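Student: Can you keep this structure in mind? I'll have questions shortly.
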Amino acid sequence: MSDKFKIYHNPRCRKSRETLEILKSNKIDPEIILYLKTPPNPQELKLLLAKLDMKPIDIIRKEEREYKEKYKGMDFNEDEWLKVLHDNPKLIQRPIVVKGSKAVMGRPPENVNDLL
């Protein structure tokens, strides 16, 4: 069951919708996590980052006004960034697709093909 696909999805995001469509066109019905409504907690984010082989700063949407106004130039440690991302899920880059012990960022959406 650990090989079930999950997508951290924002239905308002075109890249997120395109990534979900690639999964569905490959007959994959992923678990859809609406991360803006149910943000991953810091521990879940840490596991997600390990699967992505990334650091918190790598998945931050640096073009968001909230980031520019509150966090740009801040020197937080990893745990502090995890808390910022949990408290401000809008700052999490999307979509993120997980399969088992691997994950990819759906930017571009074709990245999901690496998990298929």
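Quick note: the coordinates plus some simple rules give every number you see, no bench work behind them. Model, not experiment: these values are computed from the prediction. Backbone-built Cβ (ideal geometry, glycine too); neighbour counts: all protein chains shown.
Student: For the stretch 28-37, give me the residue count where each residue is free of Cβ contacts under 8 Å to residues at least 12 places away in the same chain and either closer than 17 Å to Ile59 by Cβ or in a strand (DSSP E or B) (or both).
Tutor: Total meeting the criteria: 0.
Student: Going by the structure shown, is Arg107 assigned to a loop (DSSP other than H, G, I, E, B), touching a helix residue (DSSP H, G or I) at 6+ places or on another chain (Cβ under 7 Å) and charged (D, E, K, R)? Lay out the reasoning, then the answer.
Tutor: Working: assigned to a loop (DSSP other than H, G, I, E, B): yes; touching a helix residue (DSSP H, G or I) at 6+ places or on another chain (Cβ under 7 Å): yes; charged (D, E, K, R): yes.
Judged against the criteria, Arg107 is a match.
Student: Being free of Cβ contacts under 8 Å to residues at least 40 places away in the same chain, part of a helix (DSSP H, G or I), surrounded by fewer than 11 Cβ atoms within 10 Å (Cβ to Cβ) and at negative phi: is that true of Glu69 here? Quick ask: steps written out before the conclusion?
Tutor: Details: free of Cβ contacts under 8 Å to residues at least 40 places away in the same chain: yes; part of a helix (DSSP H, G or I): yes; surrounded by fewer than 11 Cβ atoms within 10 Å (Cβ to Cβ): yes; at negative phi: yes.
Judged against the criteria, Glu69 is a match.
Student: Given (1) outside any helix (DSSP H, G or I); (2) surrounded by fewer than 17 Cβ atoms within 10 Å (Cβ to Cβ); (3) in contact (Cβ under 8 Å) with a residue 40 or more places away in the chain, where does Pro40 come up short, assuming only one miss?
Tutor: Pro40 satisfies all of (1) outside any helix (DSSP H, G or I); (2) surrounded by fewer than 17 Cβ atoms within 10 Å (Cβ to Cβ); (3) in contact (Cβ under 8 Å) with a residue 40 or more places away in the chain except (2).
Student: For the stretch 80-110, which residues satisfy the criterion of being without any contact (Cβ under 8 Å) to a residue 40 or more places away in the chain and among the polar types (S, T, N, Q)?
Tutor: Listed by number, the residues that qualify are Asn88, Gln93.
Student: Collect the residues in the stretch 54-73 that are hydrophobic (A, V, I, L, M, F, W, C) and touching a strand residue (DSSP E or B) at 6+ places or on another chain (Cβ under 9 Å), keeping them in residue-number order.
Tutor: Here is the first cut: in the stretch 54-73, the ones hydrophobic (A, V, I, L, M, F, W, C) are 54, 57, 59-60.
Those that are hydrophobic (A, V, I, L, M, F, W, C) and touching a strand residue (DSSP E or B) at 6+ places or on another chain (Cβ under 9 Å): Met54, Ile59, Ile60.
Student: Now a separate question. Select from the stretch 1-27 the residues that are in a loop (DSSP other than H, G, I, E, B) and free of Cβ contacts under 8 Å to residues at least 24 places away in the same chain and write down the one among them that is farthest from Asn111 (Cα to Cα). Show your work before the answer.
Tutor: Of all residues in the stretch 1-27, those in a loop (DSSP other than H, G, I, E, B) come to 1-4, 9-13, 26-27.
From the residues that got through so far, the ones that are free of Cβ contacts under 8 Å to residues at least 24 places away in the same chain too are 1, 11-12, 27.
Values: Met1: 22, Pro11: 18, Arg12: 19, Lys27: 17 Å.
Per the stated criteria, the residue is Met1.
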